[in-house]
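First the structure, in the form of structure tokens, and then the observations on it.
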Amino acid sequence: MKLGRYRNKRKYEPILPGPREWPVVQISRNRKQFVQDVSDAAFERIKSITRNKTALIEELETTLFKEKARIRENSWKVDPDDDNAFWSGVKSKLLDISQSKNKNSEEVDLILKEIIHRYASEIAGNFNTSHYRFARAIATFGFNRLLNAARIKKFGSFWSDRLTMNDKIQINGEVEKLREMAKKGTIVIVPTHSSNLDSILIGWVIYTLGLPPVIYGAGLNLFNISIISYFMNSLGAYKVDRRKKNIIYLETLKAYSTLALKKGAQSLFFPGGTRARSGKIERELKLGLLGTAIEAQRINFQEKGDKAEKIFVVPVSLNYHFVLEAPSLIHQYLEKQGQERYYVENDEFSSSYKIITFLFKFFTKGSNISVSIGQPMDVLGNNVDNEGNSIDKYNRKLQVQDYFTFQENITVDKQREEEYTRMLAGKIVTQYCKIARVFSSHLVAFAAFEMLRKRNKKLDLFSLLRLPDEDIIISYNEFRKVCKDLKDKILERVEEDKMSVAEHMHEPIDNIIEHGLYNVGMYHSKRPLIKTKSGDITTMDMNLLYFYRNRLDGYGLEKYV
């Protein structure tokens with residue numbers, strides 16, 4: 001099923017001409033020194049938190065306990081071979097200190113430095129220009145070949161250049177402004193996160209828009225998968241291990257991000273922290289890495305004053321008709337929400353074979369992806385004009401430096417910066433809700449699920465998800481009317497600049513419904529929505545229907561069903 005689509009085939013010239021000017025290359029060339037600088041910064045951060053020797057020893061013991069538990073209960077093949085030996089050594093050193101009558105502060109500091117340096121070395125990316133070019137070329141070539149072979153379906157079409165990734169992935173929004181801000185300062189891209197493929201997708205978008213390579217935090221679990229691990233290592237990723245919740249690791253991670261931003265490295269991280277397991281647009285963001293943008297901006301002002309380079313934050317919404325990992329994601333979400341009322345099944349995104357199979361099916365199907373670029377902001381969430389000046393809602397210029405000034409001096413105030421981070425998070429969420437593009441698949445899933453919910457008002461969510469087959473049939477005429485009403489309300493909000501839609505959402509409603517039914521969850525063996533032989537609507541999997549319905553959660557559209 002094909003509808004009219006937007007094509008952006010413009011070729012953008014690189015903002016920086018070559019690798020010598022790329023900040024990520026400068027960092028990688030001096031990787032050893034950069035790791036040491038991160039270690040030194042993290043040491044100072046942790047010492048300021050613990051404040052005294054006793055508190056530091058307690059933090060070291062807590063870290064040791066958590067790390068030994070991680071190794072015992074949740075080890076991964078990507079973990080260092082000497083993991084157990086290293087932490088056993090830390091245990092012995094802490095035991096010696098605890099048994100000593102004269103606890104030497106220098107010995108405690110040495111243990112802390114040893115742990116920090118290990119963490120910093122694990123986190124640090126290893127960008128390689130030749131590997132980057134090869135990965136970029138092989139991905140572009142391979143994806144284009146698959147796309148032509150799948151869509152043209154003629155002999156020799158595998159080698160055709162008629163279709164490119166621009167036909168598959170639509171980039172829209174504030175593209176030119178993003179490029180301008182990348183020329184004037186340091187960019188922090190903060191996308192929504194729903195799939196493990198997001199990192200590869202956003203990497204392709206960054207290359208396509210002519211932006212220099214970014215550093216970005218990728219979940220360490222991705223490095224368990226060989227094909228993704230190669231691309232991650234080639235594209236400038238630094239490793240984020242979400243199993244490690246101790247303060248020493250988290251502060252080292254923040255120090256890495258802050259120092260990279262301070263050095264002008266364009267950065268990317270997913271402020272939701274992990275994939276949105278419910279299918280909803282993220283509305284509660286993790287503030288740790290987000291706060292490093294504010295900290296780096298303040299340090300720049302401290303060191304360079306009025307000549308400090310500005311840091312710009314750019315929200316991005318990644319919009320899919322279907323998500324490969326949707327079955328396992330919604331299972332995890334429901335298991336957490338329902339506890340004993342819900343039983344998890346297994347459907348993991350766990351191997352290179354599954355990813356390759358997904359990519360093949362993705363290109364042989366007709367479903368497209370949309371990447372929406374939001375308005376660039378300063379680190380406080382203020383809009384910026386085309387020159388990069390911060391402006392308020394009345395278009396008056398603001399001096400960001402003033403927000404970090406106390407008694408005419410740039411000062412460190414952690415509580416103040418934490419509040420700024422919360423303000424920035426709120427502005428990002430507002431933009432997510434505005435720029436996330438509504439697809440036909442989102443519309444039909446929302447309409448069907450809400451119709452079943454309204455029909456069974458007395459049931460809670462988990463009872464609703466267990467409805468028998470005979471109770472999940474929806475009359476097509478009723479379904480069509482609800483879809484039409486929802487479409488009209490959504491388009492009203494688009495006119496009010498409160499929501500965004502894909503181009504196909506302006507088609508006649510029957511076309512939209514057909515397009516949505518075809519695309520929603522097209523990869524899954526159990527389809528979220530199908531037509532019965534009699535032409536009515538039903539679902540093969542209520543959990544998946546709920547997942548795709550959730551993309552429109554939070555807009556208050558339920559009252560129109």
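The values are calculated or read from the model by the stated rules, or taken from the named source; none is laboratory data. Only a predicted model underlies this, so the values are computations on that prediction, with no experimental measurement involved. Positions of Cβ are backbone-derived with ideal geometry, glycine not excepted, and every protein chain shown enters the neighbour counts.
Identify all residues within the stretch 77-108 that are under 35 Å from the mean Cα position of the chain (by Cα) and either under 27 Å from TRP22 (Cα atoms) or touching a residue at least 24 places away in the same chain (Cβ under 8 Å) (or both); write none if there are none.
Matches in the stretch 77-108: LYS77, VAL78, PRO80, PHE86, VAL90.
Answer yes or no: is there a residue in the stretch 242-255 that is modelled with pLDDT under 90, out of contact with any Lys or Arg (no Cβ under 9 Å at 6 or more places or on another chain) and either outside the structural domain of VAL313 (by TED's automatic domain parsing) or surrounded by fewer than 24 Cβ atoms within 10 Å (Cβ to Cβ) (or both). Full working, then the answer.
Initially, the stretch 242-255 is screened for residues modelled with pLDDT under 90, giving 242.
Then drop every residue that is not out of contact with any Lys or Arg (no Cβ under 9 Å at 6 or more places or on another chain), which leaves 242.
Within this subset, residues satisfying the condition of being either outside the structural domain of VAL313 (by TED's automatic domain parsing) or surrounded by fewer than 24 Cβ atoms within 10 Å (Cβ to Cβ) (or both) are 242.
So far as the stretch 242-255 goes, yes, one or more of its residues are modelled with pLDDT under 90, out of contact with any Lys or Arg (no Cβ under 9 Å at 6 or more places or on another chain) and either outside the structural domain of VAL313 (by TED's automatic domain parsing) or surrounded by fewer than 24 Cβ atoms within 10 Å (Cβ to Cβ) (or both).
Matching residues to (1) at pLDDT 95 or above; (2) in a loop (DSSP other than H, G, I, E, B); (3) under 20 Å from LEU220 (Cβ atoms):
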residue	(1), (2), (3)
TYR6	no, yes, no
TYR12	no, yes, no
ILE15	no, yes, no
ILE57	no, no, no
LEU64	yes, no, yes
VAL78	no, yes, yes
SER88	yes, no, no
LYS93	no, no, no
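Can you name every residue in the stretch 375-387 that is touching a Ser or Thr at 6+ places or on another chain (Cβ under 7 Å) and under 25 Å from ALA502 (Cβ atoms)?
Taking the stretch 375-387 first, the residues touching a Ser or Thr at 6+ places or on another chain (Cβ under 7 Å) are 378, 382, 384.
Listed by number, the list is empty, since nothing qualifies.
Only residues that are of a type in the set (S, T, N, Q) and either modelled with pLDDT of 90 or more or surrounded by 14 or more Cβ atoms within 10 Å (Cβ to Cβ) (or both): list them for the stretch 95-125, please.
Within the stretch 95-125, SER121 is the sole residue that qualifies.
Which one of these is over 30 Å from ARG45 (Cα atoms) and either surrounded by fewer than 14 Cβ atoms within 10 Å (Cβ to Cβ) or small (Gly, Ala, Ser) (or both): ASN395, ASN389?
Numbers: ASN389 fails: either surrounded by fewer than 14 Cβ atoms within 10 Å (Cβ to Cβ) or small (Gly, Ala, Ser) (or both).
Exactly one residue qualifies, and that residue is ASN395.
Checking PRO508 against (1) surrounded by 14 or more Cβ atoms within 10 Å (Cβ to Cβ); (2) free of Cβ contacts under 8 Å to residues at least 40 places away in the same chain; (3) not small (Gly, Ala, Ser): exactly one of these is not met. Which one?
PRO508 satisfies all of (1) surrounded by 14 or more Cβ atoms within 10 Å (Cβ to Cβ); (2) free of Cβ contacts under 8 Å to residues at least 40 places away in the same chain; (3) not small (Gly, Ala, Ser) except (1).
Can you tell me which residue within the stretch 495-533, out of those that are touching a Leu at 6+ places or on another chain (Cβ under 9 Å) and basic (Lys, Arg), is nearest to SER317 (Cα to Cα)?
Looking at residues that are touching a Leu at 6+ places or on another chain (Cβ under 9 Å) and basic (Lys, Arg), I get ARG527.
In the stretch 178-215, what residues are of a type in the set (A, V, I, L, M) and within 12 Å of PRO14 (Cα to Cα)? Lay out the reasoning, then the answer.
Going residue by residue through the stretch 178-215, those that are of a type in the set (A, V, I, L, M) are 178, 181-182, 187-190, 197, 200-202, 205-206, 209, 211, 214-215.
Within the stretch 178-215, ALA182, ILE206, LEU209, LEU211 meet the criteria.
Listed here are the residues, each with its yes/no results for (1) part of a helix (DSSP H, G or I); (2) modelled with pLDDT of 85 or more.
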{"position": "THR186", "(1), (2)": "no, yes"}
{"position": "LEU201", "(1), (2)": "yes, no"}
{"position": "GLY210", "(1), (2)": "no, yes"}
{"position": "GLY217", "(1), (2)": "no, no"}
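So is THR62 hydroxyl-bearing (Ser, Thr, Tyr) and closer than 16 Å to LYS244 by Cα or not? Before you say what the answer is, go through the steps one by one.
Numbers: hydroxyl-bearing (Ser, Thr, Tyr): yes; closer than 16 Å to LYS244 by Cα: yes.
Yes, satisfied.
Does the stretch 424-445 include one or more residues that are surrounded by 21 or more Cβ atoms within 10 Å (Cβ to Cβ), in a strand (DSSP E or B) and either on the phi > 0 side of the Ramachandran plot or of a type in the set (Ser, Thr, Tyr) (or both)?
Within the stretch 424-445, not a single residue is surrounded by 21 or more Cβ atoms within 10 Å (Cβ to Cβ), in a strand (DSSP E or B) and either on the phi > 0 side of the Ramachandran plot or of a type in the set (Ser, Thr, Tyr) (or both).
Consider THR357 carefully, then state whether it is modelled with pLDDT of 75 or more, of a type in the set (Val, Ile, Thr) and surrounded by fewer than 22 Cβ atoms within 10 Å (Cβ to Cβ). Even if it seems obvious, please write down each step before you answer.
Working: modelled with pLDDT of 75 or more: no; of a type in the set (Val, Ile, Thr): yes; surrounded by fewer than 22 Cβ atoms within 10 Å (Cβ to Cβ): yes.
So THR357 fails the test.
Within the stretch 519-542, is there a residue that is modelled with pLDDT of 95 or more, in a loop (DSSP other than H, G, I, E, B) and within 25 Å of the chain's Cα centre (by Cα)?
Within the stretch 519-542, one or more residues are modelled with pLDDT of 95 or more, in a loop (DSSP other than H, G, I, E, B) and within 25 Å of the chain's Cα centre (by Cα).
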